[in-house]
Amino acid sequence: MEENQSNQNNNVTENSQTFKNANPTVTETSYKEFRNSEKRSKSSGSGFGKTVILPFFCGILGTALVIGTCISVPSIKEQIIRQLVTTNNTSTNDENNSSSTNINTQLISLQGYSDTGVGVAKKVQPSIVAITVEYSVNSIFNRTPSKATARGSGIIISEDGYILTNNHVINSSNSSNNSFYEIGKANKVTVKLYNDDTEYQGEIIGTDSQTDLAVIKIDKTGLTAAELGDSDSVQVGEFSMAMGSPLGLDNSVTAGIISAVNREVSDEDGNKYVAIQTDAAINSGNSGGALVNSKGQVIGVNTLKLSGTSVEGIGFAIPINATKDIYNQLIQYSKVKRPYVGIGGIDLDKETAERNNLAVGVYVKTVDDFSAAEKAGIKPGDVIIEAEGKKITTMDELNEIKNKKQIGDTLKLKIHRDGKEKEVTVTLQEQP
């Protein structure tokens, strides 16, 4: 019994030591006294709640009310978010493994992306129009011409009604290669403005098949002209939004990024373009609409898309900088005035040139009567090997150099004729 009592006393001592580490105020009490004091402390718990717990939760509630009020005030909210971004960025640099910091940063970024999309759409949509074109279709099966319609989009470029769009929207006859029917030029062009059910009659001011651009005009003033950006400064990966009327769904927007710049593409008619590539969805009816940046500035005219079962998110826009001279000329002259040489040429590769004992370059197949080429002494059978001191092998290279000049400028060419080289100077004319 004494041994058991000793063990029990030892146990009490151990228990007293244990509570000492947790609560030093009970070091000198016996186990029974401690249990009694524990009961008294429980009975006095309401006093502790009134003096400690209640003020603590009241402080939390007050803080929440103050923060909620601040968040409801936009200016204060912006300052708080700005401070959060700064704090999060600092924390990220110091603690790259902090998951809470990464989550906060992502939430703020997503909200910013959403706000950017909403802001861009509100700014640009009033400058985008829906275009409906009515054509006459002549068929070998019907004597009486039938009617067909096509839809597209356009960009308001002046407050007095000038609208930029694609040539293939206005002039579908250029893209028709069907031998069973012939599509005539547009009989009627109708324009619908943003949030306006009125149908405005459109007048075709000018078209240019080479650049696939056209200008139409409606009789209305006070329109919201689009703000044009600098397409030369566009960077791969930046925000982009395509706006227009795909499949007749007016005022539609799709968003993505810039996939590539200075992309060389060709349309079904063989016209070549240097375009901006985007993964923002571009569908039939988007043609002539706007590709815009995060500032709500137009950086391109939606023109082409790749289609097929294995193709996803590949669309192209004509850079807006490349359209400015074109639409200004269409407005002023109803056409684009281009310098003109007056030859029909064939590209000669090395194999073909060697087989025919010719030089590599552009083989002159035809020379137009009374043309600049004829006046300069160029003859069929000549091979143009240089232009302005630069070696050329294709008509595209020759046209690229020629198109940088103005009507009346001179173009220095080096030709290969009968085994000899000769330099000629062509005074460029206006293209008929």
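The values are calculated or read from the model by the stated rules, or taken from the named source; none is laboratory data. Keep in mind the model is a prediction, meaning the values are calculated, not measured. When we count neighbours, we look across all protein chains shown, and the Cβ atoms used for this are built from the backbone with ideal geometry, even at glycine. Heads up: the accessible areas ignore ligands, DNA and RNA and are worked out on the full protein's heavy atoms, side chains in. Shrake-Rupley method; radii C 1.70, N 1.55, O 1.52, S 1.80 Å.
A few comments on the model shown:
- Complete set of residues in the range 370-419 that are among the acidic types (D, E) and either touching a helix residue (DSSP H, G or I) at 6+ places or on another chain (Cβ under 7 Å) or modelled with pLDDT of 95 or more (or both): E374, D382, E386, E388, D409
- Exactly one residue out of R143, R151 is part of a strand (DSSP E or B), under 24 Å from the mean Cα position of the chain (by Cα) and modelled with pLDDT under 95, and it is R151.
- Identity of the residue in the range 229-250, surrounded by fewer than 17 Cβ atoms within 10 Å (Cβ to Cβ) and touching a strand residue (DSSP E or B) at 6+ places or on another chain (Cβ under 7 Å), that ends up farthest from I276 (Cα to Cα): G248
Residue-by-condition table, conditions (1) open to solvent by 30 Å² or more (accessible area, probe 1.4 Å); (2) hydrophobic (A, V, I, L, M, F, W, C); (3) more than 22 Å from I156 (Cβ to Cβ):
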{"residue": "L306", "(1), (2), (3)": "yes, yes, yes"}
{"residue": "I318", "(1), (2), (3)": "no, yes, no"}
{"residue": "I326", "(1), (2), (3)": "no, yes, no"}
{"residue": "T352", "(1), (2), (3)": "yes, no, yes"}
{"residue": "N357", "(1), (2), (3)": "yes, no, yes"}
{"residue": "D369", "(1), (2), (3)": "yes, no, yes"}
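- Which numbered condition I257 misses (of (1) open to solvent by 50 Å² or more (accessible area, probe 1.4 Å); (2) under 27 Å from Y194 (Cβ atoms); (3) in contact (Cβ under 8 Å) with a residue 60 or more places away in the chain): (3)
- Scanning the range 401-432 for residues that are under 37 Å from the mean Cα position of the chain (by Cα) and over 17 Å from G342 (Cβ atoms) turns up just one, K404.
- Residue under evaluation D396, criteria (1) in a strand (DSSP E or B); (2) in contact with an Asp or Glu (Cβ under 9 Å, 6 or more places away or on another chain), criterion not met: (1)
- Among the residues listed as N171, N187, N195, the single one being farther than 17 Å from G244 by Cβ, surrounded by fewer than 15 Cβ atoms within 10 Å (Cβ to Cβ) and modelled with pLDDT under 95: N187
- Scope the range 285-319; condition polar (S, T, N, Q) and part of a loop (DSSP other than H, G, I, E, B); matching residues: N286, S287, N293, S294, Q297, S307, T309, S310
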